[in-house]
Amino acid sequence: MPERELELDPEHTALVVIDLQKGIVGMPAAPHDTASVVAKAAELAEACRARGVFVALVHVGPSADGRDGLRPVVDQPPPWQNPPLGWDEFVPELGPKDGDHIVRKRQWGAFYGTDLDLQLRRRRIGTIILCGISTNFGVESTARDAYERGYQQIFVEDACSARAAEDQAFVFRVVFPRIGRIRRANEVIRALRKPSAP
């Protein structure tokens, strides 16, 4: 069965961009390289801003003293223990720009312990366009939380990437089709540029 053409109501839609910050974009990614993901996300953000879509830019990082960081006992510690200065700054291609909402999170998901849900609900937003790095950590955690909160979701495959291609493939094959719709950036931008119904 062919996919139904995407329709979006800009007034009730938000773009949520996960962790396109210097420290994360500076690491390897697959199946899409970080430059490509950043370019697609920046293009999506511009298309959204042009239509008045709420844009939330999410980045992750500990407090200044680092004492609010999670420290579970694990078999595989994260690749960074003490992130360098500027690690959590957004890449310049993305912004932020006037009107963007900034979300600082302390763990993988963008909802827990932040005002993201509050800001979306106060604007009567029901649909989230989601992209960023890493697909199977920050993006998937945010998507699962959004699903449990009742949001409709669109996952932009070519504006997401993971550390390994198989990680992204699993999430897009098994998880995302059950909680939302998968599209490419050009499909989302085309839907955003359609005139709104009177």
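The values are calculated or read from the model by the stated rules, or taken from the named source; none is laboratory data. Just so it is clear, the structure is predicted and the values come from calculations on it, not from any experiment. Backbone-built Cβ (ideal geometry, glycine too); neighbour counts: all protein chains shown.
Which of the residues spanning segment 113-137 are at pLDDT 95 or above and either over 16 Å from the mean Cα position of the chain (by Cα) or in a loop (DSSP other than H, G, I, E, B) (or both)?
Once the filter is applied, which keeps residues that are at pLDDT 95 or above and either over 16 Å from the mean Cα position of the chain (by Cα) or in a loop (DSSP other than H, G, I, E, B) (or both), segment 113-137 yields THR114, ASP115, LEU118, ARG121, ARG122, ARG123, ARG124, ILE125, GLY126, SER134.
Among the residues of segment 35-45, is there at least one that is surrounded by 11 or more Cβ atoms within 10 Å (Cβ to Cβ), at pLDDT 80 or above and charged (D, E, K, R)? Write out each step before concluding.
The initial filter retains those residues of segment 35-45 that are surrounded by 11 or more Cβ atoms within 10 Å (Cβ to Cβ), namely 35-45.
Among the residues that remain, those that are also at pLDDT 80 or above are: 35-45.
Next, from what is left, pick out any that are charged (D, E, K, R): 40, 43.
Yes - at least one qualifying residue is present in segment 35-45.
When you scan segment 146-183, how many residues do you find that are within 12 Å of ILE128 (Cα to Cα) and either in contact with a Cys (Cβ under 6 Å, 6 or more places away or on another chain) or at pLDDT below 95 (or both)?
1
Mind listing just one residue for me: the one in segment 130-176 that is polar (S, T, N, Q) and surrounded by 18 or more Cβ atoms within 10 Å (Cβ to Cβ) and, of those, nearest to ASP88 (Cα to Cα)?
SER134
Restricting to segment 143-160, give me the number of residues that are aliphatic (A, V, I, L, M) and part of a strand (DSSP E or B). Step through it out loud before you land on a result.
Looking only at segment 143-160, we keep the residues that are aliphatic (A, V, I, L, M), and these are 143, 146, 154, 156, 159.
Now narrow it down to the ones that are part of a strand (DSSP E or B): 154, 156, 159.
The number of residues fulfilling the criteria is 3.
Looking at (1) under 25 Å from GLY66 (Cβ atoms); (2) at pLDDT 95 or above, which is the only condition ASN186 fails?
All conditions pass for ASN186, except number (1).
Condition check: without any contact (Cβ under 8 Å) to a residue 12 or more places away in the chain, part of a helix (DSSP H, G or I) and over 20 Å from ARG122 (Cβ atoms). Does ALA35 satisfy that?
Details: without any contact (Cβ under 8 Å) to a residue 12 or more places away in the chain: yes; part of a helix (DSSP H, G or I): yes; over 20 Å from ARG122 (Cβ atoms): yes.
Taking the combined requirement at face value, the residue satisfies it.
Quick one: how many residues across segment 52-74 are under 13 Å from the mean Cα position of the chain (by Cα) and within 20 Å of PHE137 (Cβ to Cβ)?
So the count comes out to 5.
Go through ASP65, ASP100 for me and flag whichever is in contact (Cβ under 8 Å) with a residue 12 or more places away in the chain and acidic (Asp, Glu).
Among ASP65, ASP100, only ASP100 is in contact (Cβ under 8 Å) with a residue 12 or more places away in the chain and acidic (Asp, Glu).
Of the residues that make up segment 183-194, is at least one crowded, with 19+ Cβ neighbours inside 10 Å and in contact with a Phe, Trp or Tyr (Cβ under 7 Å, 6 or more places away or on another chain)?
no
ALA14: within 30 Å of ARG173 (Cα to Cα), without any contact (Cβ under 8 Å) to a residue 12 or more places away in the chain and within 16 Å of the chain's Cα centre (by Cα), yes or no?
no
Can you tell me which of (1) over 16 Å from THR13 (Cβ atoms); (2) in contact (Cβ under 8 Å) with a residue 24 or more places away in the chain is the one ASN186 doesn't meet?
(2)
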